[in-house]
Each structure stands twice: as C-alpha cells, then as structure tokens.
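Here the structure is laid out as structure tokens; the discussion comes afterwards.
The values are calculated or read from the model by the stated rules, or taken from the named source; none is laboratory data. Just so it is clear, the model here is predicted, and its values are computed rather than measured. Because the Cβ atoms are built from the backbone with ideal geometry, glycine has one as well, and the counts that use them run over all protein chains shown. Note: accessible area is taken over every heavy atom of the protein model, side chains too, but ligands, DNA and RNA are not part of it. Shrake-Rupley method; radii C 1.70, N 1.55, O 1.52, S 1.80 Å.
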Protein chains: 2
Amino acid sequence: MFVLITYDVNITLAHGAKRLRNVARACLNYGKRVQNSVFECILTESQFFVLRDQLKGIIDTEQDSIRFYILGKNWKRKVETLGKDMGVDFTGELII
Amino acid sequence: MFVLITYDVNITLAHGAKRLRNVARACLNYGKRVQNSVFECILTESQFFVLRDQLKGIIDTEQDSIRFYILGKNWKRKVETLGKDMGVDFTGELII
C-alpha cells in the first residue's frame, strides 16, 4: 500500500535536531523523500506497523507531529505536483 | 473531495519568504493547516482547479514544490497520526 508520511519535529527545544534526523533516517529505509518533511512509501501492512512503532519511539509526542495518509492502489492517479517534483515512479525500471 | 496539500518553498533566495506566506494564505482560504507545510482541504473540483492555478501563480516553479494528494470520500479512515494532532473533523459541528 502507498503511505504518505508528513512530519513536523520541534527543533527549538533540546534533542529536536536529533529527532528530526532520526525520523528522516527511519523513513529513508522505506521510501522516497519528495519534500523536506514528506516521504512516499510503498509498504506492506506489517512494514507499516514496524515503521510506525519505530517513529513512535523516536518522536516527542508532546512536541512533534507525524501524519500517515494511506492512499489506495491507484495512488499514482491521486497525486499532482506543481514546480520541482522529486517524486519517483516506484513501478518504473530500476537502472543500476 | 479531500485534498492534502504539501509544499516546500525555497526561502534562501529572493522573495522566498513572501512566496511562503502567500502559499499558506491561499491554502488557509480553503482548508486547515495540520503541520507547518501541510494543509487538509475539502474542495469541490472547481475549487481545486482555482486553488491550484492560484498556487501556480505564486510559486517559483524552478525553486519550489507543491504536491496535491487527492484522497477519496473515506479519507478519515486513511489518516493516522502520532504526537500532536492539529487535524480537524470537517464534518463535526462548527461551534461559533
């Protein structure tokens, strides 16, 4: 399933910058960064639960916010962009 | 329809801060800010086209990025949050 992850991490207080790095690092393991705090991921249900729990352990739930938007199979038809587009076609050929 | 808008505006170059303010202002007319650069909007198709064109006129398409994610009717079941949740239940009673 296609999962969009958006996040705000409060870097004004202690350890915020570290939490921000760790959230990005965790998301990078599962998907593509399309904007500073936005990741597009193709995940199985179990991968989603693992990543969600991992992120829960990283953030300060009083200071930070993570949102997961679960788009269905036809997610490609549901995304439009203006300007720079760092999105990737996960289904395209991987050129190594 | 439920439209999620995420954006990155490059504020390191001239007029970036102004573009950032104007993008947020335009989105505020149509929906709710749930994270710094993330808005949740309930829009008719024509409202979506109007807002998209408005935003196109605001950003620098070489520097900035806006992404629209169109979630179907059952969008509420497709959104999960961790930590601070500034989302709103559009269908709830509006208390004035």
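For the stretch B:40-47, the condition of being under 15 Å from A:Gln35 (Cβ atoms) and at pLDDT 95 or above holds for none of the residues. Just one residue in the set A:Leu43, A:Leu71 is among the aliphatic types (A, V, I, L, M) and at the interface with another protein chain (Cβ under 7 Å from one of its Cβ atoms); that residue is A:Leu71.
Across the stretch B:48-61, which residue is surrounded by the fewest Cβ atoms within 10 Å (Cβ to Cβ) among those that are at the interface with chain A (Cβ under 7 Å from one of its Cβ atoms) and not charged (D, E, K, R)? Filtering first and then ranking leaves B:Thr61.
For the stretch A:45-53, the criterion of a residue being within 29 Å of B:Gln54 (Cα to Cα) and under 10 Å from the mean Cα position of the chain (by Cα) is satisfied by no position. Considering each residue of the stretch A:62-76 in turn, at least one proves to be open to solvent by 60 Å² or more (accessible area, probe 1.4 Å), over 16 Å from B:Arg67 (Cα atoms) and at pLDDT 85 or above.
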